[in-house]
Amino acid sequence: MDKSFQKIRNDFPILNQRINNEPLVYLDNAATSQKPNQVINELVRYYQNDNANTRRSVHTLGERATEEFEIARKKVQVFLNAKDSREIIFTKGTTDSLNLIASTYGEENIQAGDEIVISYMEHHSNLIPWQQLALRKNAVLKYIGLTKDGQLDMEDARRKITDRTKLVSITHVSNVLGVTNDVKKLAIIAHSHNAVIIADGAQAVANIPVDLQDLNVDFYAFSGHKMMGPMGIGVLYGKYDLLKSMSPNQYGGEMIDSVKKYHSTWADVPFKFEAGTQNVAGVIGLSKAIDYLNDIGMKNISKYENELVKYILPKLLKIEGLTVYGPQDTKNHNAVISFNLNGIHPHDVATALDMDGVAVRAGHHCAQPLMNYLGVTATVRASFYIYNNQFDADQLIKAIYDTKEFFNV
Ligand code: PMP
């Protein structure tokens, strides 16, 4: 790793504080990541020097903002190894991207009796758009099951994806179980049945290298805020020909070719899908976040996080009365670990951990069907990032023992 851990840590001043008299241990990265100074300063720089609307004004600031916006698009393309920068559409985030596909591609291509295949481990934002589309169209929504240890059941995937399947949408990395799904294999299966495949990359892009040409998915969605970028910015990747064939999702400024009184024509991809004033600062902040991640290297990030999992998972599994959901080994385990403590409600666990300065999330993690599948209503989730270390892991373990003692279990 080029940057030493302390150097990385110093880039995140927010982490340098005490909560309830204990050092802050931020383990809620699957909800949102913290932002390095480089990203924060870039937002200030943009607003202090270059702020203007894009693709409208010929003055210097307008040109600068437009140029930076398009440089960012290219940067996202290269970061994900997409074929063409026109395949990168800026959105508000993963939820926005997935809804865009459902309301355009889905609306235009799904018919009564068609099948849509998702899995039991989907975040609501990769579930409800398809559920509602299926209801609107009288289509059939099917769920791929999980194996006992919380991996996607690939045999069930082969059974569920058939010639009736028109669309498959699967999370790349689970935000609850921490598993990485074999999206590349799923793409081969989906394409062999002439179905399109979408991957929800919200939990993946921040933590593992993603190569879109290698995965060969048709669409890919993610958010900037989970990868050190600002909130309110995200990306929809789509293969150019597919995007070209789709109708716009919104109408308004800068998405048109020409507007007549009773008829309009649309700009080419990607602008057709970027109606109205864009989140220019968000895009520029995301671009800086990509620089930051590239500087460390995505391979290094995923390796570092896996080392943390190797360190903490066995310690968690040793705690009496603690159940880990998902794989119990470290092989296919990203640094997201969901667990429960026997006899204590997950919300009480999270509140007690906060008393020790440890920030985790408790709840259904926007994955209620998964909770039902696991037979629980909620879990505690600890999610690590590149600025967490063994000290943070130890603090979590210590806080869990404190919690058990406090609740006398
Ligand atoms: N999918 C997954 C796997 C996620 O982890 C998240 C965010 N927690 C989302 C979708 C939704 O992302 P956003 O709220 O940024 O739109």
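ILE19's amide H: which non-local residues (gap 5+, or another chain) put their own amide H closer than 5 Å, with H modeled 1.01 Å from N in plane and none for Pro or chain starts?
HN-HN under 5 Å from ILE19: LEU24.
Quick check of the Kirkwood formula: for the range 180-322, what is the inverse mean of 1/r over all pairs of different Cα atoms, in Å?
On the way: mean 1/r = 0.0555 Å⁻¹.
18.0 Å is the Kirkwood radius here.
Under 5 Å between amide H atoms, partner at least 5 residues away or on a different chain: which partners does VAL196 have, H built in plane at 1.01 Å?
Those qualifying (amide H under 5 Å, at least 5 residues apart or on another chain) are LEU167, VAL168.
Quick one: in the range 1-100, what % of C-alpha pairs are over 18 Å apart? Write down the numbers at each step before the final one.
Details: 3363 of 4950 pairs.
Result for the distance tail: 68 percent.
Per residue of the chain, what 222 nm ellipticity follows from adding -39500 (n - 2.57) for every DSSP H run with n ≥ 4, rounded to the nearest 500? Can you show the working numbers first?
Numbers: 14 runs with 153 residues, N = 409.
Here the helix-only value at 222 nm equals -11500 deg cm²/dmol.
Using only Cα atoms, figure out Rg for the range 210-278 and give it as a multiple of 2.2 N^0.38 Å.
Working: Rg = 14.5 Å, N = 69, 2.2 N^0.38 = 11.0 Å.
Compared with the compact-globule rule of thumb, the range 210-278 sits at 1.32.
Counting residues in the range 75-186 as N, plug N into 2.2 N^0.38 Å and put the Cα Rg over that result. Walk me through the numbers before you get to the answer.
Working: Rg = 14.7 Å, N = 112, 2.2 N^0.38 = 13.2 Å.
Here the Cα radius of gyration is 1.11 times the empirical estimate.
Given 20 °C and 1.002 mPa s, compute D for the range 254-298 with the Stokes-Einstein relation, Rh being the Kirkwood radius over Cα pairs; round to the nearest whole µm²/s.
Details: Rh = 12.8 Å.
Rounded to a whole number, D works out at 167 µm²/s.
Pairing the Cα long axis of helix 390-407 with the longest principal axis of the chain, what angle in degrees results, from 0 to 90 and rounded to the nearest 10?
60 degrees
So if we plug the beta-carbon distance of SER85 and HIS124 into 1/(1 + (r/R0)^6) with R0 = 30 Å, what FRET efficiency do we get, rounded to 0.05? Please report the intermediate quantities before stating the final value.
Working: r = 30 Å, r/R0 = 1.01.
Efficiency for this residue pair is about 0.50.
Which residues does a label at ASP295 reach in the range 11-52, if reach means a backbone N under 17 Å from a point 7 Å past the Cα toward the Cβ?
11-15, 34-46
For VAL140, what residues show an amide H to amide H distance below 5 Å, using hydrogens built from the backbone and excluding near sequence neighbours?
Correct list: GLY113, ASP114, GLU115, ILE116.
So how many Å³ per residue does the convex hull of the Cα atoms of the range 264-409 work out to? Working shown, then result.
Working: hull volume 25.7 nm³, N = 146.
Taking the convex hull of the Cα positions in the range 264-409, it is 176 Å³ per residue.
Which ³J(HN,Hα) values in Hz, rounded to whole numbers, follow from the phi angles of the range 83-92 under the Karplus curve 6.51 cos²θ - 1.76 cosθ + 1.60, where θ = phi - 60° and Gly and Pro get x?
Working through the residues one at a time gives 6, 8, 5, 5, 7, 9, 10, 7, 10, 7 Hz.
On C-alpha positions alone, give me the angle between the axis of helix 298-317 and the longest principal axis of the chain, in degrees, nearest 10.
30 degrees
Say the dipole of the range 41-294 comes from +1 at the beta carbon of Lys and Arg and -1 at that of Asp and Glu; which of ASN294, PRO129, VAL117 then lies farthest toward its positive end?
After comparing all options, I get PRO129.
In the chain, with Lys and Arg counted as +1 and Asp and Glu as -1 at Cβ, which of these residues, VAL205, ASN408, PHE90, has the Cα nearest the positive end of the dipole, that is, farthest along it?
PHE90
Among all the aspartates and glutamates, which ones have a C-alpha under 20 Å from LYS148's C-alpha, if same-chain residues fewer than 8 places away are not counted?
Cross-link targets: GLU122, ASP156, ASP182, ASP329.
Can you list the residues of the range 150-190 with backbone N under 16 Å from a point 7 Å past the Cα of GLN131, pointing along Cα to Cβ?
Counting only backbone N, you get 169-171.
Based on the Cβ-Cβ distance from ARG18 to ASP241, what FRET efficiency comes out when R0 is 41 Å, to the nearest 0.05?
Details: r = 54 Å, r/R0 = 1.32.
My answer for the efficiency is 0.15.
Using only the alpha-carbon atoms of the chain as identical scatterers, what base-10 log of I(q)/I(0) does the Debye formula give at q = 0.09, 0.10, 0.14 Å⁻¹?
-0.57, -0.70, -1.26
For ASP153, put the label point 7 Å out on the Cα→Cβ axis and report which residues of the range 365-401 keep their amide N under 16 Å from it.
Within reach of a label on ASP153, which here means backbone N under 16 Å from a point 7 Å along Cα→Cβ, the range 365-401 contributes 370-375.
Give me the distance in nm between label points sitting 7 Å out from Cα along the Cα-to-Cβ direction at GLU405 and THR377, one decimal.
Each label point lies 7 Å from its Cα, and together they span 3.0 nm.
With a Förster radius of 25 Å, plug the Cβ-Cβ distance of LYS185 and ASP163 into 1/(1 + (r/R0)^6) and report the FRET value to the nearest 0.05.
Working: r = 18 Å, r/R0 = 0.73.
Efficiency, from the Cβ-Cβ distance: 0.85.
Compute the acute angle (0 to 90°) between the alpha-carbon long axis of helix 60-80 and the principal axis of greatest extent of the alpha-carbon atoms of the chain; round to the nearest 10°.
Approximately 60 degrees, to the nearest ten.
Take GLU107 and LYS260, extend 7 Å from each Cα along the Cα→Cβ direction, and tell me the distance between the two endpoints in nm.
Output for this residue pair reads 2.3 nm.
Every number in this text was worked out from the coordinates using simple rules, so none of it is lab data. These numbers were taken from a predicted model, which means no experiment stands behind them. Using ideal geometry, Cβ is built from the backbone for each residue, glycine included, and neighbour counts are taken over all protein chains shown.
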